[in-house]
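A short reminder: the numbers here are calculations on the coordinates, not readings from a lab. Computed from a predicted model, the values in this text were never measured in an experiment. Using ideal geometry, Cβ is built from the backbone for each residue, glycine included, and neighbour counts are taken over all protein chains shown.
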Amino acid sequence: MDVGRVLGLDYGTVRVGVAISDGLGISARPVRSVPAEGFEDQIQSLVEELGPVSVVVGLPTSLGGEEGASAKGARELADLVSARTGLRVELADERFSSTRAEAILKEKVRDRRERREQVDAVAAAVLLQGWLDARAGEERGNPRYAPKPD
């Protein structure tokens, strides 16, 4: 059953990581990183290129769940994407997504510069995969994997 592709965005002040899911909502893959400056001019072309039906934006929080300046930026990004595209946009906890992305890349990519260029897109895929897994768990009635509300 095709549920539609979901776009994952990992907010950063320098770059925004972009990932996309498959149409079944099972797996996420990194697409690329785009400069944060001027991102608002690129979102429509990303949506046209990748064809998502909804968007998930990573919400950075502390270990205790508190939001800081980065969370404010992520919320602003979510509002911008919603306004520019008309798509449903959800926020998802992205704690440790960059750390996991760096660990994944460290195993696969030897060149530090190349890892730095890919880490934001991989972090977007990590957060999107977590969101997809949580949705699948929720559908199966497993509260352990149910997403936390905003």
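Within the stretch 5-36, restricting attention to residues that are among the polar types (S, T, N, Q) and in contact with a strand residue (DSSP E or B) (Cβ under 6 Å, 6 or more places away or on another chain), which residue is farthest from V55 (Cα to Cα)? Looking at residues that are among the polar types (S, T, N, Q) and in contact with a strand residue (DSSP E or B) (Cβ under 6 Å, 6 or more places away or on another chain), I get S33.
Taking first residues from the stretch 35-58 that are touching a residue at least 24 places away in the same chain (Cβ under 8 Å) and aromatic (F, W, Y) and partners that are surrounded by 12 or more Cβ atoms within 10 Å (Cβ to Cβ) and not in a helix (DSSP H, G or I), the Cβ contacts under 6 Å between residues at least 6 apart in sequence or on separate chains come to F39/V16. Among the candidates E49, E76, E67, the residue that is out of contact with any strand residue (DSSP E or B) (no Cβ under 7 Å at 6 or more places or on another chain) and under 18 Å from L91 (Cα atoms) is uniquely E76. Of all residues in the stretch 17-31, none satisfies being over 22 Å from D93 (Cβ atoms) and in contact (Cβ under 8 Å) with a residue 40 or more places away in the chain.
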